[in-house]
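Quick notes on the structure that follows.
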Amino acid sequence: MLTAAICTIGDEILIGQIVDTNSSHISRALNSIGVKVRYMNSFGDERSEIISNLDQALSQNDIVIVTGGLGPTKDDITKSALAELYGSTGFYQDEAQFEIVKRIVTRRGIELSDLNRAQASVPQGSIVIPNQLGTAPCIVFRFPEERYPHRPTLYSLPGVPFEAIGLLPDVISDIKSHYQLADIHHKTLVTFGIPESTLAKQIEPWEDALPEDIKLAYLPNPIVGVRLRLSTYGGVKDEEIRRIDTEFEKLREMLGDAIYGEGEDTLQIVIGKHLKNKGMTLSAAESCTGGKIASLLTSVAGASQYFYGSVTSYDNSIKENILGVPHEIIAQHGAVSRECVEAMAKGVNRIMNTNFAVATSGIAGPGGGSPEKPVGTAWLAVAYHDKTTGKDEVISKKVAFNSSREVNIDRFASNALNLLRLYLESH
């Protein structure tokens with residue numbers, strides 16, 4: 001099986017000034033064609049560091065993909081370091097990329113400078129994949145067998161994410177045309193409501209009984225839940241998929257409604273499908289989540305078919321005057337209570353004339369907690385109104401977490417959506 005290393009160059013990554021998002025996109029693209037990524041590596045803008053790290057990566061892998069360090073400024077030394085690593089004796093101007101450079105600077109209304117012109121200059125012996133979205137191309141180096149025990153290829157991409165991602169299809173096409181690829185087969189089930197450690201213990205007998213060549217990965221996320229991914233490497237596609245499906249059927253029997261989807265499914269996607277299938281509508285009343293639920297729901301294309309809107313009732317006056325929560329409820333039980341959140345859900349359902357409503361009220365932190373209601377406590381509610389019979393139902397749930405404010409908000413929102421998901425699946 002082909003192996004790859006993904007390398008990022010730039011002091012700005014090492015000091016935390018920017019977040020490397022390129023590597024995850026590249027890794028997924030390589031994985032999809034049967035290339036196994038062995039590791040990811042980041043290093044700074046030092047010539048010796050660039051050369052030594054890339055030399056090691058090339059000695060260990062068939063493919064090395066590098067991002068960063070190809071800008072027009074004089075402090076970008078990656079190109080000359082790559083030339084030294086490859087053994088280039090000079091540079092040449094790639095005409096296809098130069099035409100793109102001229103078009104871009106003309107469109108921006110700036111003068112073509114020597115720095116812009118240099119973007120199309122690449123080391124002798126390298127091959128260019130033109131970058132239609134920017135001035136720096138993808139530079140490809142194919143190393144001879146006498147240099148390493150194998151014949152690795154290095155792809156140097158610009159660090160700007162939309163440019164690097166835009167070049168990926170051409171890079172993948174180039175890899176396909178130069179290498180014999182094996183198949184990697186993945187399937188993912190998505191769970192919610194069981195913490196990762198508890199889930200691992202619960203399915204331990206099943207995991208221990210997996211065939212040795214089927215690998216399990218846990219992929220936790222506070223908003224999505226825990227994804228469980230099974231993978232096989234090589235083999236006949238239909239047979240490998242059948243084997244993975246057989247194992248997942250065993251898992252479905254163990255976990256029941258904790259499993260809510262497959263692949264890239266999220267709670268908001270699954271909820272949207274349920275609502276569209278039922279021809280029903282949804283609204284939200286949010287306090288501690290501050291609009292997070294509305295943001296998640298509207299991240300799904302077509303959400304306007306079923307999601308009407310949200311009231312961010314952060315202040316108690318909004319709970320009372322807009323949502324119609326009786327003053328006595330807040331005075332007697334507080335805003336973070338079953339009584340308040342149920343009244344919020346029923347109130348937004350009424351004013352937006354929807355079938356379903358979800359509501360949250362809690363203490364995200366870091367301040368505002370008490371011994372009775374510590375930081376991380378929230379009440380969640382789902383209300384249902386049958387427009388035919390006039391029947392109303394409401395359910396609620398208390399949750400408690402011990403995370404940062406940001407993670408608490410994510411968990412409040414996702415648990416509220418999961419409460420709604422379970423209600424929709426049971427009715």
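For the reader, a short list of remarks on this structure follows.
- Scan of region 380-427 for residues that are over 29 Å from the mean Cα position of the chain (by Cα), polar (S, T, N, Q) and modelled with pLDDT of 95 or more, ordered by number: S396
- Scope region 133-192; condition basic (K, R) and out of contact with any helix residue (DSSP H, G or I) (no Cβ under 6 Å at 6 or more places or on another chain); matching residues: R142, R147, R151, K176
- Every residue from region 105-143 that is within 22 Å of I172 (Cβ to Cβ) and either part of a helix (DSSP H, G or I) or hydrophobic (A, V, I, L, M, F, W, C) (or both): V122, I127, V128, I129, L133, A136, C138, I139, V140, F141, F143
- Close Cβ contacts (under 8 Å, 6 or more residues apart or on different chains) running from residues in region 73-86 that are surrounded by fewer than 21 Cβ atoms within 10 Å (Cβ to Cβ) to residues that are modelled with pLDDT under 90 and part of a helix (DSSP H, G or I) comprise T73/L115; K74/L115.
- Checked across region 38-58, the condition of being farther than 26 Å from R147 by Cα, over 19 Å from the mean Cα position of the chain (by Cα), surrounded by fewer than 15 Cβ atoms within 10 Å (Cβ to Cβ) and not β-branched (V, I, T) holds for no residue.
- Residues located in region 239-264, provided they are part of a helix (DSSP H, G or I) and at positive phi: G256
- For region 364-373, the count of residues that are closer than 19 Å to T312 by Cβ, surrounded by 16 or more Cβ atoms within 10 Å (Cβ to Cβ), touching a strand residue (DSSP E or B) at 6+ places or on another chain (Cβ under 9 Å) and modelled with pLDDT of 95 or more is at least one.
- Whether a residue is closer than 17 Å to F192 by Cβ and hydroxyl-bearing (S, T, Y) was assessed, and S426 passes this test.
- Which listed residue is out of contact with any Leu (no Cβ under 9 Å at 6 or more places or on another chain), in contact (Cβ under 8 Å) with a residue 24 or more places away in the chain, crowded, with 16+ Cβ neighbours inside 10 Å and not in a strand (DSSP E or B), from E342, E320: E342
- Boolean, T289 is under 30 Å from L199 (Cα atoms), part of a loop (DSSP other than H, G, I, E, B) and among the β-branched types (V, I, T): yes
- Taking every residue in region 209-238 that is among the hydroxyl-bearing types (S, T, Y) and pairing it with any residue that is assigned to a loop (DSSP other than H, G, I, E, B), at least 6 positions away or on another chain, the pairs with Cβ-Cβ distances below 7 Å are T232/D213; T232/I214; Y233/M1; Y233/A182.
The values are calculated or read from the model by the stated rules, or taken from the named source; none is laboratory data. Since the structure is predicted, the reported quantities are computational estimates derived from the model, not experimental observations. Cβ atoms come from the backbone with ideal geometry, glycine included; neighbour counts cover every protein chain shown.
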